[in-house]
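The values are calculated or read from the model by the stated rules, or taken from the named source; none is laboratory data. Computed from a predicted structure; not experimentally measured. Note that we place each Cβ from the backbone using ideal geometry, even for glycine, and neighbour counts take in every protein chain shown. Protein only, heavy atoms only, side chains kept; ligands, DNA and RNA dropped before computing areas. Shrake-Rupley method; radii C 1.70, N 1.55, O 1.52, S 1.80 Å.
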Amino acid sequence: MLIKNIKGLVQTRTADESQNPLKGEVLKKLPIIENAFLLLKDDRIAAYGKMEDCPTYEGEVIDAKDRFVLPTWVDSHTHLVFAAPREEEFVMRLKGKSYQEIAAAGGGILNSAKKLQEKSEEELFDDAWGRLQEVIRMGTGAIEIKSGYGLNTEAELKMLRVIRELKKESPIPIKATFLGAHAFPAEYKDNHQGYVDLVVNEMLPQIAEEGLADYIDAFCEKVAFSVDETRQVIEAGAKHGLKAKVHTNQFNCMGGIELCVEQNALSVDHLEVVNETEIKALQGSSTLATLLPSAPFFLSDPYQPARALIDADIPVVLASDYNPGSTPSSNMNLVVALACIKLKMTPEEAINAATLNGAFALELEKDYGSIEVGKKANLILTKKIPSVGYIPYAFGSNHIDEVIINGKVY
Ligand code: NIG
Ligand code: FE
């Protein structure tokens, strides 16, 4: 396929330029070729450049006049497999209850776990498959999905097997993360170590044996797992070859970031609250800072301090956190808009963070996240728009005309 007369071909990189996650001054620049062509061969990018160098081509040609082409979003943090929405908790919050109060009263994650335990693998797959189609139509071309609504061995394995089936059927790559340490089940309310032992000694070995997870996660928070409990989970994951991507600093600074940096975690995710010491710890480390702005938007919490992180030269990633409790939206276009409107990121920074840096957060940077010869042809073709800045500016509208996955219009 040839796409010609592209108004702006966005996020073009040489292999050299996509060696490392983008940070600081580099994060601020988004390469764009104006009046460009893009040639695909099968499911990969074969060539691109200025229109004056456009080759003659006999096959399928798209005239992209007035439209932009971007790499698809990489959503490196989701809970896309779940049993049911939780709009009744949403209404409780509107009437004054907090997310943590609802969780402490047995709602929240425990509510989701109860419902998931009752559903079959087939039902969960069908629902998740529908969501995945919606996600792709909104321009996401690679995704991570977590377990964590099972909270017992059988149900955690069931969730991860659903993710394994999704991986088999999905046209976009999926990475699976084991999040057994998401919440303490009621029966372990007064026996936290008992549940950590179950996660580490019973769930994890079976998951590793079946090869069901690519990463390990834990929810390090006052309402969930302590730093010491999170450490046990991360260390056990490492023994099974699983790198950590950890929920931390959503509500409290308690040392989760320092722990993750020390453990060489791939990413720390959420970061609504971050203090100076934690910024220092992240500086120069190999741990990526994944910001999930839709969560504080939905929960009316403080927004992630993106500017302080970027000024400290820390590579930031944007992801959706799609889940039924804190973020019932998988819309990465909205994530990019919120990153600009609420986190004060520039459109260039936000698009970098939601594409190439997202690919780094899933170790998919060799194949996804930028327009590069040899990379997968997963692309967004916009509607007629004046500039890329218009995408987050005119928030709430759909600016996507076509999504191209593996070189084909989806
Ligand atoms: O990333 N905070 C922890 N986990 C999820 C929400 C889970 C839920 O409420 O169902 C999150 O926000
Ligand atoms: Fe999450």
Worksheet entry | Shape box of region 215-330 [Cα atoms, principal axes, largest first, Å] | 37, 33, 23
Worksheet item: In square nanometres, what is the average projected area of the Cα convex hull of region 172-223?
Response: 4.4
Worksheet item: Between residue 189 and residue 60, what length in nm is gained on full extension when 0.36 nm per residue of separation is reduced by their alpha carbon distance?
Response: 40.4 nm
Worksheet item: Per residue, how much accessible area does region 45-100 show when a 1.4 Å probe rolls over the protein heavy atoms, in square angstrom?
Response: 50
Response to the item:
Answer check: region 78-139, Cα atoms, Kirkwood Rh, Rg/Rh ratio of 1.05
Worksheet item: Near residue 405, within a Cβ-to-Cβ distance under 11 Å, what is the net charge of the other residues, with Lys and Arg +1 and Asp and Glu -1?
Response: +1
Worksheet item: Taking only DSSP H segments of four or more residues, each worth -39500 (n - 2.57), what value at 222 nm results for the chain once the sum is divided by all its residues, to the nearest 500 deg cm²/dmol?
Response: -9500 deg cm²/dmol
Item to complete: Evaluate Rg over Rh across region 320-390, taking Cα atoms for both radii and Kirkwood's formula for Rh.
Response: 0.99
Worksheet item: If you average over every viewing direction, what projected area does the convex hull of the Cα atoms of region 45-182 give, in nm²?
Response: 12.1
Worksheet item: Which parts of region 220-245 would a label at residue 104 reach, counting a residue when its backbone N lies under 18 Å from a point 7 Å out along Cα-to-Cβ?
Response: 220-226
Fill in: Selected from 74, 135, 316 as most flexible by GNM, with the chain as the system and alpha-carbon contacts under 10 Å
135
Discussion item. Compute the orientation-averaged projected area for the chain from the convex hull of its Cα atoms and round it to one decimal in nm².
Written reply: 18.5
Worksheet, complete the sentence: In order over region 319-325: 3J(HN,Hα) from phi, Karplus 6.51/-1.76/1.60, θ = phi - 60°, whole Hz, x for each Gly or Pro, gives 9, 8, 6, 2, 6, x, x
Worksheet item: Remind me, relative contact order of the chain in percent, using alpha carbon pairs under 8 angstrom and six or more residues apart?
Response: 22
Item to complete: Straight distance only, please: which lysines reach the Cα of residue 342 with their own Cα at less than 22 Å, same-chain residues fewer than 8 apart left out?
Response: 23, 28, 29
Response to the item:
Computed over the Cα atoms of region 36-126, the Rg and Dmax in Å are 23.8, 65
Worksheet, complete the sentence: Measuring from its Cα centre, the chain shows a charge dipole (+1 at each Lys and Arg Cβ, -1 at each Asp and Glu Cβ) which, in debye to the nearest 20, is 940
Item to complete: Please work out how much length the chain gains when fully extended from residue 300 to residue 41, using 0.36 nm per residue of separation minus the C-alpha to C-alpha distance, in nm with one decimal.
Response: 88.7 nm
Item to complete: Quick one, can you get me the convex hull of the C-alpha atoms of region 1-49 expressed as volume per residue in Å³?
Response: 76
Worksheet entry | Two-decimal Rg/Rh across region 351-410, once Rg and the Kirkwood Rh are taken from alpha-carbon atoms | 1.00
Worksheet entry | Largest-first ordering by accessible area, 1.4 Å probe, given options 228, 401 | 228, 401
Worksheet item: What's the Kirkwood radius of region 127-231 in Å, using all Cα pairs?
Response: 14.5
Practice prompt. Net charge near residue 95: determine it from the other residues with C-beta under 12 Å of the C-beta of residue 95, scoring Lys and Arg +1 and Asp and Glu -1.
Written response: -1
Discussion item. Loop only by DSSP, 16 or fewer other Cβ within 10 Å of the Cβ. Give me the trypsin sites (Lys or Arg not before Pro) in region 31-104 that pass, ordered by residue number.
Written reply: 65, 95, 97
Worksheet entry | Accessible surface of the chain [probe 1.4 Å, protein heavy atoms]: carbon and sulfur percent | 50
Worksheet item: Rounded to the nearest 5, what is the percent of antiparallel bridges among the DSSP beta bridges in the chain?
Response: 45
Discussion item. Counting only other residues whose beta carbon sits under 11 Å from that of residue 377, what net charge do I get with K and R as +1, D and E as -1?
Written reply: +1
